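Please treat every number below as a calculation from the coordinates, not as lab data. These numbers were taken from a predicted model, which means no experiment stands behind them. Ideal geometry is used to build each Cβ from the backbone, glycine not excepted, and the neighbour counts take in all protein chains shown.
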Amino acid sequence: MIIMKFGGTSVEDAKAIKNLTEIVKKEIPRKPIVIVSACSGITNQLLQTANLAAEGKKEEALNLVAKIESHHKKIVKDLFDGDTQRFLTKHLASIAEELAALVNGVVVLGELTNRSLDTFASIGERMSSFIIHHYFESQKLKSFWVDARSFMITDDQFTKAIPQFDIIERKLREIVEPKVNNGYVVISQGFIGSTVNGVTTTIGRGGSDYSAAIIGALLNAEDIQIWTDVDGILSSDPSVVKDAKKIKVMSFNEAAELAYFGARVLHPETILPAVKKNIPVRVLNSKNPSSSGTLIVANPKTDKHCIVKSIAYKEGITMISIVSTRMFLATGFLENVFDVFHKYRTVVHTVATSEVSVSATIDNIKNLSHIIKELKQFATVTATDKKAIICIVGDNLRNTPGLAVRMLSAITDVNINMISQGASEINLSFVVDEDQVDDAVRRLHKELFANAGSFPEIFE
Ligand code: ASP
């Protein structure tokens, strides 16, 4: 059994759905479970509808409902005729009615809770998956549509609900597995779930990949395919580095580091369930299905001499330097510093420390003034914004002498504010001024990937 997850651009219109169906057909012998996102842009429109309703802008909200309905009706019209077209058009109309009723409810109450937001947001996946299921049937695929809310049981932290693995596993074995074993292509939704009491939840924006990984891990899938609209994970951002290479194979650890540092393809949490079960994850391009994509596995058998896999970067960083005003060797300094960040729920990306000082980087500056105020009670604090983190990732960084010299000599004229090597030793990060980041990334890529051609099994 395999999991095939298709993101928003892979289901965006009739052409994309036909294309997806051809991709699925080729995998029938491997028993696919198909997990889909909402059509591209629809989740945003649904949330916008909810917000308009909360602001009392009923007309505008209902216009958006009509727009969402007609987007899907057009797909139905392009894919079907006759009875199926009529049936699906009616079905979409009834979902649109449900949406309009939600709008009315929020307008009357003048309040939008996260619980209601999740019901709004769930509608995109419900619409896309239902259309695709009927298209599968019209193409003579034995298809079984399952509402993910029947098995993706979560807690009630609406908008970022936590999946309850034990219950999900039991439900999957009850509802989904027998259908797969009976030769059905099971199609369901990513992103959405429900509480044990049947209240609709979502597991966080972009959560469909996570849904796919959970289902794959709990059903011990052979592999998890994440179909997107890029050829895979690249050696750097192609909008900055024109000749960025596609990475053919990388480790889970490398992919997770990159995800944290802004590689926009996969969210790190996504791969965790797969990592735990050692299930390979493949990132593929539905607009270019013959490309081999990027394979992410626990221990790739790759060349030890390939040191760097990718250079990621993140802009919009604020660097905070904290110097203890107390005596040397005072205990508890680091603890006090991190307590303050924790209190304000502010994620620290990188740190560099000495006995009496700490540099930390953050991107969420919502509570910066409070954080500074509290830190000032025991330290001298300076915060500088408009910084960027550059992060060099590769499993073999660990045992490679001389890399830092090569790296720094490629950018001798760039002012480096901070350097940090992660405890996993597979990333080397440093902080530079934001306006120097593009140039620095380009030059580093030129230096560190000069011999990428010698590793045809790793880079394309
Ligand atoms: N449709 C959801 C979103 O846009 C989930 C997903 O596509 O992964 O966030």
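Couple of notes before you dig in:
- Local electrostatic count at ALA388 - Lys and Arg +1, Asp and Glu -1, tallied over other residues with Cβ under 15 Å: -4
- Gyration tensor verdict on region 74-216 (Cα atoms; rounded if a/c is under 1.5, prolate if a/b is larger than b/c, oblate otherwise): oblate
- Its relative contact order, with pairs defined as Cα atoms under 8 Å and 6+ residues apart, puts the chain at 13 percent.
- Under the convention that each Lys and Arg Cβ holds +1 and each Asp and Glu Cβ holds -1, the size of the dipole of the chain around its Cα centre is about 740 debye.
- Environment charge of LEU62, counting only residues whose C-beta is closer than 14 Å and scoring Lys/Arg +1, Asp/Glu -1: -3
- Added length on full extension, which subtracts the Cα-Cα distance from 0.36 nm per residue, ARG326 to ASN451: 40.1 nm
- Dipole moment magnitude, nearest 20 debye, region 227-289 about Cα centre, only Lys, Arg, Asp, Glu C-beta charged: 220 debye
- Loop-located GluC sites (Glu not before Pro) across region 106-177 with a Cβ neighbour count of 12 or fewer within 10 Å are GLU111, with loop assigned by DSSP.
- Among the listed pairs LYS67/LYS287; LYS140/LYS248; LYS74/LYS314; LYS276/LYS376; LYS276/LYS446, those whose Cα-Cα separation exceeds 30 Å are LYS140/LYS248; LYS74/LYS314; LYS276/LYS376; LYS276/LYS446.
- Ranking of HIS133, HIS370 by count of other Cβ atoms within 10 Å, fewest first: HIS370, HIS133
- Spin-label model distance (nm) - ILE416 vs ASP155, 7 Å beyond Cα toward Cβ: 4.1 nm
- Whole-Hz couplings from phi, Karplus 6.51/-1.76/1.60, listed for region 441-456; x for Gly and Pro: 4, 4, 5, 5, 4, 4, 5, 7, 10, 4, 9, 4, x, 7, 10, x
- P(r), alpha carbons of the chain - 20 Å bins starting at zero, rounded %: 22, 49, 27, 2, 0
- Placing R0 at 22 angstrom, the Cβ-Cβ distance between THR382 and ASP339 gives a FRET efficiency of 0.65 after rounding to 0.05.
- Close amide-amide hydrogen proximity is noted between VAL249 and LEU295, each under 5 Å apart and 5 or more residues distant or on a separate chain (H modeled in the peptide plane; Pro and chain starts excluded).
- Extension gain, SER291-LYS142: 0.36 nm per intervening residue step, less the Cα-Cα distance, totals 50.9 nm.
- Size of region 1-70: Rg and Dmax of its alpha carbons, in Å, are 16.2, 52.
- Per residue, the chain reaches -12500 deg cm²/dmol at 222 nm when only DSSP H runs of four or more residues are counted, each adding -39500 (n - 2.57).
- Per-q log10 I(q)/I(0), region 235-393, q = 0.11 Å⁻¹ (Debye; single scatterer per alpha-carbon; no solvent): -0.59
- The residue list HIS71, HIS133, ALA161 was ranked by how far each Cα lies along the charge dipole of the chain toward its positive end, using unit charges on Cβ atoms, and HIS133 comes out on top.
- Per-residue ³J(HN,Hα) for region 307-316, Karplus 6.51 cos²θ - 1.76 cosθ + 1.60, θ = phi - 60°, Hz, x for Gly and Pro: 8, 9, 9, 7, 10, 10, 8, 9, 8, x
- Estimated vicinal HN-Hα couplings, Hz - region 221-237 in sequence order (Karplus 6.51, -1.76, 1.60; Gly, Pro = x): 5, 5, 7, 10, 9, 10, 8, 10, 10, 10, 6, x, 8, 9, 6, 6, 5
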